[in-house]
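Reading through the structure tokens given below for one structure.
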Amino acid sequence: MSPENEAPELALIAKGLRTISKETTYQGLAEALLREALSYSAADRGGILLSEGNELLARADASFPRERASFFTSSPAASEFRLPPDLDDAVLRRQETVTRRTCRQMSALMGTAEPSPQVITQLCLPLVHHEWTIGVLYLESTREEAFTPRCVRVMSMLASQAAVSLESVRLFEALRETNMWMVRGQEIGRMGSYRWNTRTLLSRASRECYRIFDIDLEVNPVPFEVFKSRIYPDDIPALDQALTRAVSTKSPFSHEYRVVHRDGTVLNVMAEGQFDHGPGGDVELEGIITDVTGRRAAERALADARHELARAVRLASLGELAGSIVHEISQPLTGITMSAEACLRWLARDSPDSSEARQSAMRVIEQGRRAHDVVDGLKSLVRGAQLNFTAVDINEAIEEVLLLSKRELERAGVTLHAEFGKSLPQVRADRVQLQQVVFNLVRNAVEAMVDVEGRSRVLTARSSMSDNHVVVAIADTGMGVDRANRERLFDALYTTKGNGLGLGLSICRRIVAVHGGRLWVEENMTHGSTFAFILPVCQAMQMLGPN
Ligand code: ADP
């Protein structure tokens, strides 16, 4: 070939090689190789048989293409591909390239319109990958000089490029499969992964994150504003705070918040992450977002059931208590009435019998004493004859209650602030009873904030030390208490709630009093009220210190 023809030809070969190397599927690769081979050579027909990965192509037989070879393509389309046994042996086993002139019956392509000449020229090349014959390129022409040595060399180059590309296809397929697993896994686990650049504030995220945040897939990377526009407005301040704290300390990040979709659907999500340096050197937060909506709904249902149960138990024990009071007291009361009536009768006689009247009056006193004893017995029972005093770390006890109330707070959209005094001495108390007090105050605070709109619902739990007393305060930003009724709140059976019992605060006050303390309520400067109680610190414990 003259040099002026060589340059366009080289460009053609280069284009062919590039086309083959771009393929990312086995079928595409086989088709591209055949197309390039046919367009470069003078072949009339051709076919390619290819096996997947490193599988050895045992026999070049595409009569059952799915069993023998993974991919078969031919042009024009043939129904069968069957290499004659001698070619099969030379090309597939010995990996030789064969060019030959032979009779039409020796063609490997069957079921196509047969060429009229009785003699054909064949070129058959093995596709070798890692020393295995994984495919065969077969070309056929009616022209005698169709496959010149130069043409054979170019075909070999295309075949080697195809074998190299096969490796990329294999890796690509593996990657695609892994990616598919990951996407499916994330879908099933309702968990997406993300990387957030703390300098550019842009995020890259997996498909599941897009679903969780209801963001269109075209938004990539995701600007912080788009992400933030999906956060439940009340949860933004706490999230901002958690992110700022995590970014400044580079400590592991973990925060739960709510997401609002464009159609108003609200999801509970848990975000977790760790900081590291991204490819550009920027600090990035890498982590996962889990949609915990279902889990939270189940927890809420469980909490509701518990709440209902606790209420039922409270009502039942109240009923029991009332029953026993009625039973114990009614007897002496009947006795008193009867004796008093008898006394009157003795006195109303024409000649009053003072001795009988006195006896009746004595019985009135006796029965009165019995009634008094019954009441005393009940009092000591209610006051806590079963109290179990131990050394209690007040902060720990409050924290436990807050942890138990976490779901209730979240559900009511209440943000929790804990301001615990450090190194507080222990108090001598019945831990369970004390926790019941805190639990009641927290529940009342939450209920007081239910109807609050237009300002944040914040519950602050404080503990501190003042004059040998530990002070505990539960403050809310709720509706506050009516000054006129302030003291009535602590009366038994006083309630302003439709389903309230009005016993909580009276029981709390009694429990605190049994501990030698005091419980009261104060109005807050801005909104809501603060219920606080003090407990005396046991001297011995004070000397021993907080532990
Ligand atoms: P209940 O909660 O069953 O009504 P309580 O004795 O605990 O019984 O409370 C009595 C009443 O005190 C409540 O009905 C409510 O009116 C008022 N109250 C209690 N806590 C608060 C609070 N944090 N803010 C405003 N009012 C409160």
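The values are calculated or read from the model by the stated rules, or taken from the named source; none is laboratory data. Worth saying up front: this structure is predicted, and the values here are computed from it rather than measured. For neighbour counting, all protein chains shown are included, and Cβ atoms are generated from backbone atoms with ideal geometry for every residue, glycine included. Ligands, DNA and RNA are stripped out before the accessible areas are found, and what is left, the full protein with its side chains, is counted by its heavy atoms. Shrake-Rupley method; radii C 1.70, N 1.55, O 1.52, S 1.80 Å.
A compact table of results
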| read-out | value |
| --- | --- |
| Potential lengthening between A348 and V432 on full extension [0.36 nm per residue; Cα-Cα distance subtracted] | 24.4 nm |
| Virtual spin-label span in nm between T337 and E145, 7 Å along Cα→Cβ | 13.6 nm |
| Length-normalised contact order for the chain - Cα pairs under 8 Å, 6+ apart - percent | 8 percent |
| Top positive-direction residue, dipole computed over the chain with Cβ charges, set Y494, V401, Q359 | Q359 |
| Cut-off under 5 Å, modelled amide H: who pairs with L202 long-range | N197 |
| The chain: angle of helix 3-22 to the longest principal axis, Cα-based, in degrees nearest 10 | 30 degrees |
| Cα-based helix-to-principal-axis angle, 293-348 vs the chain, degrees rounded to 10 | 10 degrees |
| Solvent-accessible surface ranking, highest first, for T24, T121 at 1.4 angstrom | T24, T121 |
| Rh by Kirkwood over Cα pairs, then Stokes-Einstein D for the range 84-183 at 0.692 mPa s and 37 °C, µm²/s | 214 µm²/s |
| By average C-beta atoms within 10 angstrom, highest first, the peptides 480-488, 27-35, 250-258 | 27-35, 250-258, 480-488 |
| Values of log10 I(q)/I(0), in the order q = 0.15, 0.26 Å⁻¹, for the range 470-526 under a Debye, Cα-only, solvent-free model | -0.49, -1.25 |
| Rounded tilt (10° steps) of 26-40 against the dominant C-alpha axis of the chain | 30 degrees |
| Value of [θ]222 nm, deg cm²/dmol, for the chain, DSSP H segments ≥ 4, -39500 (n - 2.57) each, nearest 500 | -15000 deg cm²/dmol |
| FRET efficiency for R93 and S251, using Cβ-Cβ distance with R0 set to 45 Å, rounded to 0.05 | 0.10 |
| Per residue Cα convex hull volume in Å³ - calculated over the range 177-221 | 74 Å³ |
| Tensor-based shape of the range 400-464 (alpha-carbon gyration tensor, a/c under 1.5 rounded, otherwise prolate or oblate) | prolate |
| Space enclosed by the convex hull of the alpha-carbon atoms of the chain, per residue, Å³ | 286 Å³ |
| Stretch gain in nm, segment A242-R207, where the contour uses 0.36 nm per residue and the Cα spacing is subtracted | 10.1 nm |
| Extended-chain gain in nm, criterion 0.36 nm per residue less alpha-carbon gap, F224 and V450 | 78.2 nm |
| Average silhouette area of the range 182-274, convex hull of alpha-carbon atoms, in square nanometres | 6.0 nm² |
| Computed accessible area, E187, all protein chains, 1.4 angstrom probe, square angstrom | 80 Å² |
